[in-house]
Amino acid sequence: MKEQNLMRKEIEKYLKIPFYMFILLLVMNGVVYGIDVTSGVIVSVFNVAYLGCVGYIYARKRSNIMSDLVSFAFAHGSVQSELLKELSVPYCLVDINGRVLWSNKAFFAAVKSDKQHMRKHIQNIFVDITLELLQMEPEDDNRRVVHITQNSRNYRVEIRRVPVQELLMPEISGDVNEEEALYAIYLYDETELVEALEEKEKIKLVVGHIYIDNFEDAMDSIEEERGALLVALLDRKITKYMQTADAVIKKLEKDKYIFVCQQQYLEKLQQGKFSLLDEVRSINIGNETPVTLSIAVGIDPEGDNYTRSYEYSHMAMDLALGRGGDQAVIKKGDKITYYGGKTQSAEKNTRVKARVKAHALKEMLVTKDKVLIMGHKKPDIDCLGAAVGIYRLALLMEKNAHIVINEITSSIRPAMNSFKGSSVYPEDMFYNSDQALEAVDANTVVIVVDVNRPSYTECEELLSRTKNIVVIDHHRQSGEIIEHATLSYVEPFASSACEMVAEILQYSMDKPKLRFAEADAMYAGILVDTDNFVTKTGVRTFEAASFLRKSGADMTRVRKAYRTDMKSYKQISGGVARAEIFMENFAISDVPSVGVDSPTVLAAKVANELLDVDNVRASFVLTKIDNVVYISARSIDDVNVQVIMEHFGGGGHGTVAGAQLMDLSIEDAKEEIRKLLGQLWEDGEL
């Protein structure tokens, strides 16, 4: 009614225009009188007649004219309203509380309902459209777009905020709060578009590589006349398997293949968890060494750039080999997915790679003046021993070298006392992070030992201050790697970083000379990481230990230096006593951090002790420092704890691994481990 009254007032103004025009006629009449009286009289008669006609029309026809105009205006509005109702685009109007005020027929059809949804909350109709979407920020410019699925149809939802003031007449809009608004919601059906894009994604080509990890070792372990049969079996299994994915496969070398297939078939291989890995490993025609494969696939997530997909496949293969092989790695942009990797890395008896890396490191050091060596946070004796070995190499090459350490833990204190308390070592042998950042320059090489994840290093910022980076590590690589490393030497089969550094020293110098304290530290690093030569110990491990013994390492001195005090021994016993056996095969326990010098080291010792319990296949020991729960995971052989820890963002070896969980209590972290173990057991991963 108010709108009708306002419209009548507006029409009233237009009806009075003829009276305003009569004033102009009177002025004209006066001008005519001044020129000629007779003409003025004639014009006056006409003015009186005009005034009579206008007055008659205004008085007698005014109500009819206004009714006709108002009816036309509202009829025009009704037509618009009817057109909006019949609009093929689903449309509705909701208030600030999310209640549906009005909607057209297409909207009812989209939600497959009648007008029963009127005045209901929009979230009762569309679960994905929440009040949070209506609360727009200034940068949204009163418009927001989301994509939802409703009744098996895909919609692009456009939400527009319409201030109430813009909808009302000026006469009444002044009483309305500026923040009051309605929300117009448009639904655009994009089901066919989504299906077309999905189909396009399915037929996109992906590039992959297949490498036989241990071809030479497998061939050496079989009789010569059976070698051709083994090769034929491998070719047949690989080709037949890839044919199930409708792939084009080409053998590049005796142990390398390249293939191309559609992405939809790759998904089929993923569902089967790349069963080719198990099929090839099961081949046994007299070969003592099981054959293992590494499969790498690259996918360009942004489009059909096959060159980039090819590059991604090479990166994925580097990851697969860096993690020990016998697994499949899919790299899709920054997203990396792993399959397999359950078996332990086989030790390689050849030292060719070690010799090549040693010479490359030596050549790099020749061209640099300064060397900064760092390991991981909360360093252990393997980390320190490897750093000390590289430090000795730099000194023998007459370079200015420093080791970056911020915290001296109980596990390295005996060795640190040997270095800091000795007059033969300079006072600046050890730097903290601040000193290292001040010292680094363009002519500095940063050597990272016993870690290959930048976030775990002692000073991550140091990696961005120089382009000369060397990585020496024995942990399996994860998705997070130190990028742009000039030299990377990562060998997951190695027992410890000290073993790798011992080999480098032997190939870098004709007669490498280690001081007794340095040899002891490196020997202790191997001793701790192998649990006294029990786990991950190979021929090269004993050869490295032999070299260190010749260099002056004394087993008795090392054993006495790294004995456990009575307090720590009781804490270890307490951790073992608190252990629970989960699913009859997994030990889960925790150790305190308050009053303990190195809680993570204590957790590792308890985890090792629990492996001596009968039927325990893997152990998980937790400790909480500040707001972080540290997990130490250990296993004997058949359980790959590194794969388990990767689910928590951690990593390590197949038998020695760890992870860190933020913002959780010890009990919550234990429950997460139980859930994961239960899920892996159901999936047949354990």
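Some points to look at:
- Kirkwood radius for the stretch 493-617, taken over all pairs of different Cα atoms as the inverse mean of 1/r, rounds to 16.2 Å.
- Dividing the convex hull volume of the alpha carbon atoms of the chain by its residue count gives 285 Å³ per residue.
- Computed from Cα atoms, the angle from the helix 516-529 axis to the main principal axis of the chain rounds to 60 degrees.
- Sequence-separation-based contact order of the stretch 339-459, relative, with Cα cut under 8 Å and 6+ spacing, percent: 36 percent
- Cα long-axis angle, helix 224-243 against the chain (0 to 90 degrees, to the nearest 10): 10 degrees
- Where trypsin sites (Lys or Arg not before Pro) in DSSP loops with at most 15 other Cβ within 10 Å are excluded, longest remaining stretch of the chain: 121-253
- Scanning the chain for GluC sites (Glu not before Pro) lying in DSSP loops with no more than 12 further Cβ atoms inside 10 Å, the longest uninterrupted stretch between such sites is 585-686.
- The stretch 204-340, Cα convex hull volume normalised per residue, Å³: 93 Å³
- Alpha-carbon gyration tensor eigenvalues x 5, square-rooted, for the stretch 567-682, Å: 20, 16, 12
- Dipole-positive endmost among 152, 648, 309 within the chain (Cβ charges, Cα centre): 152
- For the set 357/675; 256/377; 362/420, the pairs lying more than 32 angstrom apart at their alpha carbons are 357/675; 256/377.
- Working note: Cα atoms of the stretch 337-466, range along each principal axis, descending, whole Å: 48, 36, 29.
- Table column - 3J(HN,Hα) (Hz), the stretch 311-323, Karplus curve with 6.51, -1.76, 1.60, x for Gly and Pro: 5, 4, 5, 5, 4, 5, 5, 4, 5, 4, 5, x, 9
- Anisotropy class assigned to the stretch 420-533 is oblate, per the alpha carbon gyration tensor with a/c at or over the 1.5 cut-off and a/b no larger than b/c.
- Relative contact order (%) - criterion: Cα under 8 Å, at least six apart; region: the stretch 352-561: 24 percent
- Relative compactness, the stretch 352-561, computed as alpha-carbon Rg over 2.2 N^0.38 Å: 0.92
- Residue-averaged 222 nm ellipticity for the chain, from DSSP H runs of 4+ at -39500 (n - 2.57), nearest 500: -14000 deg cm²/dmol
- Three-way shape label, the stretch 504-549, alpha-carbon gyration tensor, a/c 1.5: oblate
- Taking a sphere under 10 Å around the Cβ of residue 323 and counting the other residues whose Cβ falls inside, with K and R at +1 and D and E at -1, yields a net charge of -2.
Each value in this text was obtained by applying a stated rule to the coordinates, not by laboratory testing. On a predicted model such as this, the values are computed, not experimentally measured, just so you know. All Cβ positions, even for glycine, are placed from backbone atoms using ideal geometry, and neighbour counts span all protein chains on display.
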